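Okay, structure first, notes after.
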Amino acid sequence: MLQKRIIVCLDVRDGKTTKGVKFKGNVDIGDPVLMAEEYYKQGVDELVFYDITASSEKRGIMIDIVKKVAEKIFIPFSVGGGIRTLSDMKQVILAGAEKVSVNSSAVKNPSIISEGAKHFGKQCIVVGMDVEMDFSKPSGYGIVINGGRTKVDLDALEWAKKIEKLGAGEIVLNSIDADGTKNGYEIKLTRMISESVGIPVVASGGAGTSMHLADVFNEGKADAALIASMVHIDGYTVGGIKEFLNKENIPVRI
Amino acid sequence: MKIGILNYDAGNLKSVETALAHLGAKYFVSSDPYELAKSDKLIFPGVGEAQSSMKILKKRGLDIFLREYFKKGNPILGICLGCQIVLDSSEERNTKCVGLVPGNSKEFSHNMDLKIPHMGWNQVQSTNNHYIFKDIPNNSSFYFVHSYYPDPDNQNAVIALTDYGISFSSAFSVDNLVAVQFHPEKSGPHGLKLLDNFISKTQGV
């Protein structure tokens, strides 16, 4: 049986893992390569690195990190943040990433999804969606870009369906409302998107306890769940979370 | 002992390379049949689409090379697309494949409420103690990414099964060829062990 994946997300700024709340204020919390190795040992199923480096001249630091990670861990990992062109994609894939993640750049230029899928295979192309409640939209949710700062006129459900149609292999669904709250994932949103598309959906934003992951798998119908501060700061281990989910009869890789 | 990694522009070979380097194996990557013929063992990886990959293999004479290498008896490990196109054909754009093993690659049914591609970690049940699974606990999980699955005609060739809506052969073996649908290079310690089993296997044993 296909297992539910636990994905640890590392935001990387100038070569250091950092953690922010609601996209405001960031604190450095460690070396991304050492952290990746630690989570690999704990049995994480996948890792995501988001490059939130502000200046483009420091982009090379991220590529070095990707290369080092690829030599140390033997599970899939994806890289996102600032990926706008096929050549950006190629750079991280050749450095050893399994997948690339696009977000704002795909909203601005949706053809990057289809072009990426054509060149590297759809399994390589992950599309991140930052979603906010918006009752003016048919689904009740709208899309925001640029790290949650800019609202765009796009319905979340329509966009998810379009992402699939353009050939993406996976959606990372991040709830801006839930992000950083530790009150649990946005179950209603996750379920709506996951049941409307035929590609895997990764729930993101709001995890504070192991039960939150159980809920988003059971009720939210997520295929995978993204966690960050639970393991970076709050003392949870991937192994401990998986043990809990296993007891809740959720299929996970132990 | 040198391992050849067959490069035919089907996806990223970097992860196979780093896994082999981690295991201390001597390897080289090539798309030249004459170079690859000098290898002691061959890894035939690949992610991508069957028809365009077959076109590239043919253009470089690699389909003929594969048949000869197989006949010669040197160990071959096919991974993912490399596991599918050693069969006769694929339902992916009705492609005629390399044909080392009689069989067909079939598409997962879209009406079973399953997400396609089959992507993520799934259990692999070893069915007859094949050497490639030596010292790996049975029903361990491996990482999969695929929309088609291999279906060899001779069910005796099947060495492992995995459930995704149906039970499909996630690994099979005929003579010197072992083919795995999952990605051992992305499957953590168990995947590395599987690659190590392939590397360490002495011929004829």
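Residues in the stretch A:213-223 that are buried (at least 23 other Cβ atoms within 10 Å of the Cβ) and within 22 Å of A:CYS124 (Cα to Cα): A:ALA222 only. Taking the conditions (1) under 18 Å from B:THR127 (Cβ atoms); (2) touching a Pro at 6+ places or on another chain (Cβ under 7 Å); (3) surrounded by fewer than 21 Cβ atoms within 10 Å (Cβ to Cβ) in turn, B:ASN176 satisfies each one other than (1).
With respect to the conditions (1) without any contact (Cβ under 8 Å) to a residue 12 or more places away in the chain; (2) of a type outside the set (A, V, I, L, M); (3) closer than 23 Å to B:SER109 by Cβ, B:THR162 falls short on a single one, namely (1). For the stretch B:5-24, a residue qualifies if it is assigned to a loop (DSSP other than H, G, I, E, B) and either acidic (Asp, Glu) or under 14 Å from B:PRO184 (Cβ atoms) (or both), and the qualifying residues are B:ASP9, B:LEU13, B:LEU23. Note on the stretch B:108-205: enclosed strands (runs of 3 or more DSSP E) holding 3 or more residues that are within 14 Å of another protein chain (Cβ to nearest Cβ) are B:118-123, B:141-146, B:158-164, B:166-174.
For the stretch A:106-124, residues that are at pLDDT below 95 and of a type outside the set (D, E, K, R) total 7.
Can you spot a residue in the stretch A:165-186 that is part of a helix (DSSP H, G or I), more than 14 Å from chain B (Cβ to nearest Cβ), farther than 16 Å from A:VAL127 by Cβ and within 17 Å of the chain's Cα centre (by Cα)? No, the stretch A:165-186 contains no residue that is part of a helix (DSSP H, G or I), more than 14 Å from chain B (Cβ to nearest Cβ), farther than 16 Å from A:VAL127 by Cβ and within 17 Å of the chain's Cα centre (by Cα). Per the listing B:PHE28, B:PHE65, B:PHE108, the residue uniquely at pLDDT below 95 and either buried (at least 19 other Cβ atoms within 10 Å of the Cβ) or touching a strand residue (DSSP E or B) at 6+ places or on another chain (Cβ under 8 Å) (or both) is B:PHE108. Scan the stretch B:128-142 and tell me whether some residue there is within 25 Å of A:GLY43 (Cβ to Cβ), hydroxyl-bearing (Ser, Thr, Tyr) and buried (at least 23 other Cβ atoms within 10 Å of the Cβ). Looking through the stretch B:128-142, at least one residue is within 25 Å of A:GLY43 (Cβ to Cβ), hydroxyl-bearing (Ser, Thr, Tyr) and buried (at least 23 other Cβ atoms within 10 Å of the Cβ). For the stretch A:172-212, the tally of residues that are touching a residue at least 60 places away in the same chain (Cβ under 8 Å), more than 22 Å from B:LEU114 (Cβ to Cβ) and surrounded by 20 or more Cβ atoms within 10 Å (Cβ to Cβ) stands at 3.
Table: residues versus (1) hydrophobic (A, V, I, L, M, F, W, C); (2) modelled with pLDDT under 95; (3) more than 17 Å from the chain's Cα centre (by Cα).
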| residue | (1), (2), (3) |
| --- | --- |
| B:ILE3 | yes, no, no |
| B:LEU20 | yes, no, no |
| B:LYS38 | no, no, yes |
| B:SER52 | no, yes, yes |
| B:GLY61 | no, no, yes |
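The values are calculated or read from the model by the stated rules, or taken from the named source; none is laboratory data. Predicted model, so just to flag it, every value in this text is computed and none were measured. Note: ideal-geometry Cβ built from the backbone for every residue, glycine included; neighbour counts use all protein chains shown.
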